[in-house]
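Below: the structure, in structure tokens.
Please treat every number below as a calculation from the coordinates, not as lab data. Given the structure is predicted, the values throughout are model-derived calculations rather than measurements. Counting neighbours? That spans all protein chains shown, and the Cβs are built from the backbone with ideal geometry, glycine included.
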């Protein structure tokens, strides 16, 4: 059968359409093959890169128990308090004699170790303590009771409009302070240079008209502040035993608003008298060690094993019967002080204890120190000397660089009661109560150290007196104060005199801080002024006994002056 062309065409079209449809479905069912990927270039390792470690293999850990909470650590201890305690050593020179002491400060307490006695001030307990290390004894001295009594009224003077005719005048002590504005570092502290001058000015009616000037050239520092502890004011001094005796009133005046402090270096020059009685003495103090530290509290208490003395006299007598002078400053006679090198042109005299040929109670050691003080002036100096034989004495004198040796024999000390017309006239004239008359005689001999076979000079001296007034008291203070001033620096003789009148306390209101002053004041109060003026032998006693010792001192002063005059005249020839 012949097919129609239309059908053939239709068949072809249908076949093509089916084929196309089949091909499209096949193409959709089978994706075309992916062309091969280009190889990725391998990155070169960085020269500084570290190789990556292989991952750690996973491990299975067993669960552990939770630990107990640890305790909170304690806070650190607070930093130690800065040191405020003070220890220092000071060297003193009076004339040719050099001594040392050590001082400790801690809060309200202080300790001063002198050559033969220790003073402890326990201000918190309102007392002071004296120790004698060689005898292991102590003595407690309570502070004086505070007084609220008003100050004693000034004593009227001759010609007073009130009509009272009490003899005496006024001594004005004027202290002038000058800051030089110089500053130096001393022991790590800033030191201030201050010059002070004290002048005594007697009024026209004054009993004591002897001129006096005290000059102090010193450097002061500020020590760490200690606990405030103020001593109570002592009771006013008793009135003079003789109301009609010539008594001066002391007044003080300060010029210059200058801060002082603690003296670490000071030179004190004292000028007294005038004309042929002019006397110049010099003393010095120098701190050689100063440390700010922590101190043991036991230093400021009575040491274990010490027993209490029955009296202060036991403490002083145990150190050689020489009074406070030997106890505080030592002596070249027993090695508790040293001799300064002798200066060119100076004549040095070794002084032995005066020999007492009387039955009166006198301290040889004190009298020897008295003579030494009287010879320390001008081109002369003197040292205490001791020995058990002439050969030993001569050997010791040579070792101390002495040129001469002075022997003194006290041959007569006589006390007589006033009487006769002289005593009657004194009463009628209002001269006051009659006093015992004292007469002292002595012999002295001076030997050259290199020619001790016979004396170079011999002589006699004497003195008489009939009383002891403020003028004598000031002279006594000047003697005791010559070495006392070394301890106190500025305010030494000033406070010594003001203390006699009850006008001032430690420092004189000038801002000076020196605990050695209160140590000396405590010992002086404990031993009594008789220890300063009379020493151990014959300590205390009535007014007549004190007057007798002052007369012995005057006679020794006459012997000392005659000795220096004779040596001076020899040098002039």
Exercise for review: Using a 10 Å cut-off on Cβ atoms, rank the peptides 249-260, 177-188, 374-385 from the highest mean neighbour count down.
Suggested key: 374-385, 249-260, 177-188
Check your understanding: Antiparallel as a % of all DSSP beta bridges within region 305-405, to the nearest 5?
Key -> 10
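For a quick protection proxy, order the peptides 214-226, 546-558 by their average other-Cβ count within 10 Å, most packed first.
Most protected by this proxy first, the peptides run 546-558, 214-226.
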Exercise for review: Please list 446-453, 122-129 highest first by mean number of surrounding beta-carbon atoms within 10 Å per residue.
Suggested key: 122-129, 446-453
Check your understanding: What is the antiparallel percent of DSSP beta bridges lying wholly in region 349-409, to the nearest 5?
Key -> 10
Exercise for review: Pull out a ≥ b ≥ c, the square roots of the eigenvalues of the alpha-carbon gyration tensor of region 355-398, then state rounded if a/c is under 1.5, prolate if not and a/b is larger than b/c, and oblate in the remaining case.
Suggested key: oblate
